[in-house]
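The values are calculated or read from the model by the stated rules, or taken from the named source; none is laboratory data. All figures in this text were calculated on a predicted structure; none of them were measured in a lab. So basically every Cβ, Gly included, is an ideal-geometry build from the backbone, and we count neighbours across all protein chains shown.
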Amino acid sequence: MHTDTRVLDVKINQDGTKTVFDESGRSTVVDRVVFACQVSAIGNIHKSHNWIEDTMFSVPEYADDWHPGTGHMHAVIHNDGAIVPEKFRKDWLQNGSNYVEVTKNPSDGKLNIENTYNFGVQSPGIKWLQDIPADERPPMLITHAVTEGKEIDPAKVVGVGNHARAHPLYSGWNIMTMLSLRLSQGRQGVYYCCNWTTPGNTHDMSLLSGICAAHAIGAEYPFDLESEAAKDFGRLRGLMGL
């Protein structure tokens, strides 16, 4: 396994195997390939795709195709609880999932929607969260589109994130692309999963798309004892053509 490595080419060999070439000059021969990346990169790597696949790879739309510069494309990772008004800050940090503040920008009069995720609540299974009482640990927050005039304490900023190609639009084009996948899934031993292969922009379906693709190339489904999860698995397999 190679992480942080850019794949340059996937060549289909005469015996049906695939040779994967990366930017470090390495090549690996495999039986199957799963593309779990943003859609516009696939056509550049999978050069032997056909005209149907070429059409599919060209169609999906992402949020940043329409709003490339908005604050919702960029995230600030921090532990500054003062992003939330003091009157309900303590209760929200312990129990609230999201804080959303809708205002008009003084500069242009446009609406701004500030959204802060509270991962201390959303990710309760993390061990250190269990070991340290809520009122003693720093908040784990991610904020988008900070309201004009408000500032996150620079000393409490942990990092930043970029959401480019992370959010496909819920559009007719994307739904048609997903339903067309059945024409190409598994052709030449090549499979597709990722957020654009699902019927909506949600984390759970994006994760499930990877499980569906893994199952298609031989992995066992890991949640057979959870009947509702298994139903979702079957539904998404059908939608993705797997």
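Structure summary
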| item | result |
| --- | --- |
| Evaluation of I113 against (1) in a helix (DSSP H, G or I); (2) touching a helix residue (DSSP H, G or I) at 6+ places or on another chain (Cβ under 9 Å); (3) in the same structural domain as P139 (by TED's automatic domain parsing); (4) not small (G, A, S) (one fails), failing number | (1) |
| Subset of region 12-40 [over 27 Å from the mean Cα position of the chain (by Cα), hydroxyl-bearing (S, T, Y) and part of a loop (DSSP other than H, G, I, E, B)] | T17 |
| Yes/no for W92 being assigned by TED's automatic domain parsing to the domain that holds T177 and not small (G, A, S) | no |
| So R165, is it on the phi > 0 side of the Ramachandran plot and in contact with a helix residue (DSSP H, G or I) (Cβ under 9 Å, 6 or more places away or on another chain) | yes |
| Close pairs from region 155-179: first within 30 Å of N79 (Cα to Cα) and among the basic types (K, R), partner assigned to a helix (DSSP H, G or I) and modelled with pLDDT of 90 or more, Cβ under 9 Å, at least 6 apart | K156/G81; K156/A82; R165/V39; R165/A41; R165/N195; R165/W196 |
| Unmet requirement for G210, which otherwise passes all of (1) within 18 Å of I42 (Cβ to Cβ); (2) loosely packed, with under 12 Cβ neighbours inside 10 Å | (2) |
| Any hit, region 73-92, residues being touching a Lys or Arg at 6+ places or on another chain (Cβ under 8 Å), among the aliphatic types (A, V, I, L, M), part of a helix (DSSP H, G or I) and crowded, with 17+ Cβ neighbours inside 10 Å | yes |
| Matching entry among V102, V29, V59, V39 (being modelled with pLDDT of 90 or more and either surrounded by 14 or more Cβ atoms within 10 Å (Cβ to Cβ) or basic (K, R) (or both)) | V39 |
| Only one of N13, N44 that is under 24 Å from S206 (Cα atoms), loosely packed, with under 13 Cβ neighbours inside 10 Å and of a type in the set (S, T, N, Q) | N44 |
